[in-house]
Amino acid sequence: MTKGNAAHASGWPVLALAQRLFSNIRMSLTSRMGQAAQLVILGQVLNGMLGFGINVLMIRRLSIDDYGLFSLFNSTMILLTGFMHFGWLETFVLFAARYRESEHLKLLRQVVFNKIMFFSLLFTAATFLFSPLLIWKIYHRPNFLPFLLAAAVGAWTSTLFNFTMIYHRALEKFGEYFRGQVLATLVRVMLCVFLIPLGYFNLSWVAAVYVFAPLLFCGPALQPARNIFKVRPRRLNPKVYQELYDYNKWIVAASILFMLTGNINAQILAKYHDNASLSDFGVISRLTLPIYFVLAGITTTALPRLSASPEHAMIKNYLRRLMEFLIPAAIVIAVLGWYSPPVVNWIAGAKYGNLATLFRLQVAVVLLTFLSSPVALILSAWGRSRTLLFLNITQLAVNIVAGFWWIPVYGARGAVLVNLAVNAVGLVLVYALVAYELKFGRSRRARRAKTAVPRD
């Protein structure tokens, strides 16, 4: 009798289930994708720990008003980063993975870099031009103007850094990706800590660190930057060029809608509430960041490999191994989330009061994202840009309606409830769309091929 059967026969079926789950996790992590995931997840865990530490430092040392402004600055910078590249970063992930063994890769990288530089600089200039109007119409905070401008510059530097990291990621150079991600966060933490004995640990200097620190790790982006005016896009193979643009014209809308979903809540909150509400929302969002970093580790390793081999057999194997990890991990996150509010209240300090309800709601949001995002990668690997666009339009519609309904009334709690509703809709749609494609996609493509008119 095996250990699992012995455990079940002795009246401990829970132990048998736990043994099977951990055995499956161990098997998943010994696969090629799993070994890469271990390195990247380790990097993301270290990133999460360092990011958690610097956020605790800011929560404890900055006033509620200043931390509320920092939360708005950080949310705005993330939002602008998602806009600036016009979907070319997501396009590059897919096509660099698909053509990484091809002679097209070097020229492909140059073409994408040129597009990213053009749109990011254009968007930065537009933000500077319209910043007074944004301050007047949306933020109603004259003292936020310099931080809005800093967020635009920070979005540009973050775009360069993300291009560098995506290049390593697409080529499955996970060691380089690991070093870049961890060192960038470590330098940011060290600079912020260094400000304390100098007496400069305040909102302005912390924002400056967040804006300029990524530039220290943008080395691989400098090579295409030297050739930015020398390469013509039409030198790229016409077939690859057409595929690139056909995919991007759909993914640009999907990526912008994706960035708006969720990140727009802080902007709505800023319009209707004071900095204290922004601060509460920022605290519970930032204290759950380590979970998002683990999730980023899974998606970082999986997407390039799935993009290179999007066959149904590969996808089904990925799903099976993914569920063996996600289900027990989700249970652990749920348990820790339910029992950790006393620790969260201690970290935040007495000035924030009781954050238990907000934090538990935020953990529920994280859980839904944790269960849906790795599965949504399959749609990206298949190149289903129109499907992703439909998904993001639906989620954004829910976000806007619920956001302008709940946030003005319930403040930070309303913002978290909006995220909960949006992620619940996303979870249902993602699983339904992937299941439909796995069941009917192959036969649908076969019918189209059979009825297609042959070309002369």
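The values are calculated or read from the model by the stated rules, or taken from the named source; none is laboratory data. In this text, all values refer to a predicted model and were calculated from it rather than measured experimentally. Here the Cβ is made from the backbone with ideal geometry for all residues, glycine too, and neighbour counts use every protein chain on show.
Residue by residue, here is whether (1) assigned to a helix (DSSP H, G or I); (2) farther than 21 Å from F147 by Cα; (3) of a type outside the set (A, V, I, L, M); (4) out of contact with any strand residue (DSSP E or B) (no Cβ under 7 Å at 6 or more places or on another chain) holds:
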residue: E176; (1), (2), (3), (4): yes, yes, yes, yes
residue: T185; (1), (2), (3), (4): yes, no, yes, yes
residue: I196; (1), (2), (3), (4): yes, no, no, yes
residue: V209; (1), (2), (3), (4): yes, no, no, yes
residue: P214; (1), (2), (3), (4): yes, no, yes, yes
Practice prompt. Give just the number: which of (1) crowded, with 20+ Cβ neighbours inside 10 Å; (2) touching a helix residue (DSSP H, G or I) at 6+ places or on another chain (Cβ under 6 Å) does G51 not satisfy?
Written response: (1)
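Results for (1) touching a Ser or Thr at 6+ places or on another chain (Cβ under 7 Å); (2) at pLDDT below 85, shown as yes or no for each residue.
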site: T81; (1), (2): yes, no
site: V111; (1), (2): no, yes
site: F119; (1), (2): no, no
site: T127; (1), (2): no, no
site: P142; (1), (2): no, no
Item to complete: Report whether or not L79 is of a type outside the set (V, I, T), in contact (Cβ under 8 Å) with a residue 60 or more places away in the chain and touching a Leu at 6+ places or on another chain (Cβ under 8 Å).
Response: yes
Discussion item. Scan the stretch 85-94 and tell me whether some residue there is in contact (Cβ under 8 Å) with a residue 12 or more places away in the chain, on the phi > 0 side of the Ramachandran plot and not in a helix (DSSP H, G or I).
Written reply: yes
Worksheet item: Which condition does M190 not pass, out of (1) surrounded by 22 or more Cβ atoms within 10 Å (Cβ to Cβ); (2) out of contact with any helix residue (DSSP H, G or I) (no Cβ under 8 Å at 6 or more places or on another chain), if it passes all the others?
Response: (1)
Worksheet item: With respect to G219, is the statement that it is at pLDDT below 80, over 22 Å from the mean Cα position of the chain (by Cα) and not aliphatic (A, V, I, L, M) true?
Response: yes
Worksheet item: exposed (fewer than 14 other Cβ atoms within 10 Å of the Cβ), part of a helix (DSSP H, G or I) and either in contact with a His (Cβ under 7 Å, 6 or more places away or on another chain) or at pLDDT 75 or above (or both): does that describe T357?
Response: yes
Response to the item:
When the stretch 106-157 is checked residue by residue, the ones that are surrounded by fewer than 15 Cβ atoms within 10 Å (Cβ to Cβ) and not in a helix (DSSP H, G or I) are H140
Item to complete: Please give the number of the condition K239 fails out of (1) farther than 28 Å from M77 by Cα; (2) part of a helix (DSSP H, G or I); (3) modelled with pLDDT under 75.
Response: (3)
Practice prompt. Give the stretch 370-402 a look and list any residue that's farther than 25 Å from I333 by Cβ, among the aliphatic types (A, V, I, L, M) and at pLDDT 80 or above, or say none.
Written response: I393, L396, A397, I400, V401
